[in-house]
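Worksheet: one structure, shown below.
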Amino acid sequence: MEEQEMTLDLKDFFYIILKRKKLISIITVLAVILSGVLSFFVIKPTYQAETSIIVGRPQSEAKNDKLDNSDVTMYQNLMKTYTEIVTSKPVLNEAISELDIAVNAEQLAKAIKVTSQQGTQILQIDVTSDSANDAYKTADAVTDAFIDKSKDIFPTSGVQLSVMNKAEKPKKPIKPKKVLNIAIAFVLGLFVSVGLAFVLEYMDNTIKSENDINKYLELPVIGIIPDQPDLQE
């Protein structure tokens, strides 16, 4: 009995899908088109340039002494301090002065993301912009200003900042992810349209065919009266 009810439920599901296939197709296609228009023509591309900096000891000291675990731990603990220094006003103001751009320190700070790679002495600076060239130049300027100003802001002996990977001009934007956006729009459009189809079917209590009589009233259909054409005099 349970298996029969499940079969009927599945039949009802496919019946509603087929019945409302036009509505489902229209909503899904519109969602995909809207996502494509937004991704290709409306949303501005965002580019990202990044630099990597190593927090370590000067080469002269490194040749004479071996790096022990206490030194590594100390440098890793300093990473949080240097992370804050990157977006400090002295560093940002010097970068702005070098770039000669009409932004303030707060605005530039929003375009910068600083992360320290866990378990390492590597500091990564990511700069985003709607221009590939601006992202590249800003990343370079912020890195130079950080290395220069950190000596005055945090003059810790025995610590040297070295650039591991210099910024490169990004070849393609990181956002928007056009294909992903369209795929998400397709899935959302499909789910929304199918949900709407079931809501409309649930709210529709009218009987339109002999199948509806059997389904809802559980009565046999004795006969069908065909539509009569209009008689013209």
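The values are calculated or read from the model by the stated rules, or taken from the named source; none is laboratory data. Model, not experiment: these values are computed from the prediction. Here Cβ is always computed from backbone atoms with ideal geometry, including for glycine, and neighbour counts include all displayed protein chains. These area figures cover heavy atoms from the full protein model, side chains too; ligands, DNA and RNA do not enter into them. Shrake-Rupley method; radii C 1.70, N 1.55, O 1.52, S 1.80 Å.
Tell me whether the range 167-188 contains one or more residues that are at pLDDT 70 or above, of a type in the set (Phe, Trp, Tyr), assigned to a loop (DSSP other than H, G, I, E, B) and out of contact with any Lys or Arg (no Cβ under 8 Å at 6 or more places or on another chain). Let's see the steps before the verdict.
Going through the range 167-188, the residues at pLDDT 70 or above turn out to be 167-188.
The next check asks that each one be of a type in the set (Phe, Trp, Tyr); those that pass are 186.
With assigned to a loop (DSSP other than H, G, I, E, B) added as a condition, the list becomes none.
Checked the range 167-188: no residue is at pLDDT 70 or above, of a type in the set (Phe, Trp, Tyr), assigned to a loop (DSSP other than H, G, I, E, B) and out of contact with any Lys or Arg (no Cβ under 8 Å at 6 or more places or on another chain).
When restricted to residues that are surrounded by fewer than 24 Cβ atoms within 10 Å (Cβ to Cβ) and assigned to a helix (DSSP H, G or I), the range 126-142 contains 7.
Residue pairs whose Cβ atoms lie under 7 Å apart, separated by 6 or more positions or on different chains, with the first residue in the range 141-166 and modelled with pLDDT of 90 or more and the second among the basic types (Lys, Arg), do not occur. Of the residues making up the range 150-191, those that are within 21 Å of Thr87 (Cα to Cα), in contact with a strand residue (DSSP E or B) (Cβ under 8 Å, 6 or more places away or on another chain) and not small (Gly, Ala, Ser) are Val159, Gln160, Leu161, Val163, Met164, Asn165, Lys166, Glu168. Give just the number: which of (1) under 16 Å from Ile54 (Cα atoms); (2) out of contact with any Leu (no Cβ under 9 Å at 6 or more places or on another chain); (3) open to solvent by less than 80 Å² (accessible area, probe 1.4 Å) does Lys166 not satisfy? Going through (1) under 16 Å from Ile54 (Cα atoms); (2) out of contact with any Leu (no Cβ under 9 Å at 6 or more places or on another chain); (3) open to solvent by less than 80 Å² (accessible area, probe 1.4 Å) one by one, Lys166 breaks only (3). For Leu123, the conditions (1) closer than 30 Å to Val29 by Cβ; (2) buried (at least 16 other Cβ atoms within 10 Å of the Cβ) are fulfilled apart from (1). With respect to (1) at pLDDT 95 or above; (2) over 30 Å from Asp144 (Cβ atoms), the lone exception for Leu10 is condition (1). When the range 94-108 is filtered for residues that are in contact with a helix residue (DSSP H, G or I) (Cβ under 6 Å, 6 or more places away or on another chain) and farther than 12 Å from Asp144 by Cα, the ones remaining, listed by number, are Ala105, Leu108. Selection of the range 98-149 for residues being of a type in the set (Lys, Arg) and touching a strand residue (DSSP E or B) at 6+ places or on another chain (Cβ under 6 Å) yields only Lys113.
Would you confirm, using the coordinates I've provided, whether Ile53 is more than 25 Å from the chain's Cα centre (by Cα) and either open to solvent by less than 90 Å² (accessible area, probe 1.4 Å) or at pLDDT below 90 (or both)? Answer is yes for this residue.
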